[in-house]
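Scroll down for the structure; my scribbles are underneath it.
The values are calculated or read from the model by the stated rules, or taken from the named source; none is laboratory data. Computed from a predicted structure; not experimentally measured. Ideal geometry is used to build each Cβ from the backbone, glycine not excepted, and the neighbour counts take in all protein chains shown.
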Amino acid sequence: MYELSPKKTWEGFIGGFFSTVVFGFIAAYVLSKYQYFVCPVEYRSDVNSFVTECEPSELFQLQSYSLPPFLKAVLRRETVSLYPFQIHSIALSTFASLIGPFGGFFASGFKRAFKIKDFANTIPGHGGIMDRFDCQYLMATFVHVYITSFIRGPNPSKLLQQLLVLQPEQQLNIYKTLKTHLIEKGILQPSLKV
């Protein structure tokens, strides 16, 4: 790693991976217990303030998981209770510690190509703001893709908004297709008229 960034070592890279995954797993467990961290902030006009009260989604409710056979023997347990978000935290932590630093390596290579030490001198001895956040751009992109691909479920209100933007002919076509599908499933009676 010396060629990419002289002050980074394999020991730090590997140790950072393990500590990031363990800390992320524990932090996900602790933070999932508090509504402040799992509920969206909403304004309530009846109390004239912002509140963070909700029924937490399944992502933040303890679930029981069966252990694989080799772990059953080691832990002497059949199941373990975890928040599903803890499993996602392992994926996010792994990416952050294994792939995230390459954003920093890329920035270091970029600076070396232009023979500059730092992007700026806003923070004496540490470079500029960009020098502190070079890994964050890569990580923010991954988190967005991960959340939209694996965590965020279907949103009926967003779907309805998208349908209302369509042309009337397209809306009618979707209505007919949905009606046919619901009749086939037995949810609607075939005698309904358009």
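Here Tyr36 does not fit the description of being more than 30 Å from Gly103 (Cα to Cα), aromatic (Phe, Trp, Tyr) and touching a helix residue (DSSP H, G or I) at 6+ places or on another chain (Cβ under 9 Å).
For Cys54, the conditions (1) assigned to a loop (DSSP other than H, G, I, E, B); (2) out of contact with any Asp or Glu (no Cβ under 9 Å at 6 or more places or on another chain); (3) of a type outside the set (A, V, I, L, M) all hold with the exception of (2).
Say whether the condition of being within 30 Å of the chain's Cα centre (by Cα), exposed (fewer than 10 other Cβ atoms within 10 Å of the Cβ) and at pLDDT below 85 is met by at least one residue in segment 94-104. There is no residue in segment 94-104 that is within 30 Å of the chain's Cα centre (by Cα), exposed (fewer than 10 other Cβ atoms within 10 Å of the Cβ) and at pLDDT below 85.
Among the residues of segment 33-46, those identified as in a loop (DSSP other than H, G, I, E, B) and either within 27 Å of Pro84 (Cα to Cα) or at pLDDT 85 or above (or both) are Lys33, Tyr34, Cys39, Pro40, Val41, Asp46.
When the residues of segment 15-47 are narrowed to those that are aliphatic (A, V, I, L, M) and surrounded by 13 or more Cβ atoms within 10 Å (Cβ to Cβ), which ends up farthest from Ser93 (Cα to Cα)? That would be Val38.
Residues that are assigned to a loop (DSSP other than H, G, I, E, B) and either free of Cβ contacts under 8 Å to residues at least 40 places away in the same chain or aromatic (Phe, Trp, Tyr) (or both) within segment 77-99 comprise Arg77, Glu78, Tyr83, listed in sequence order.
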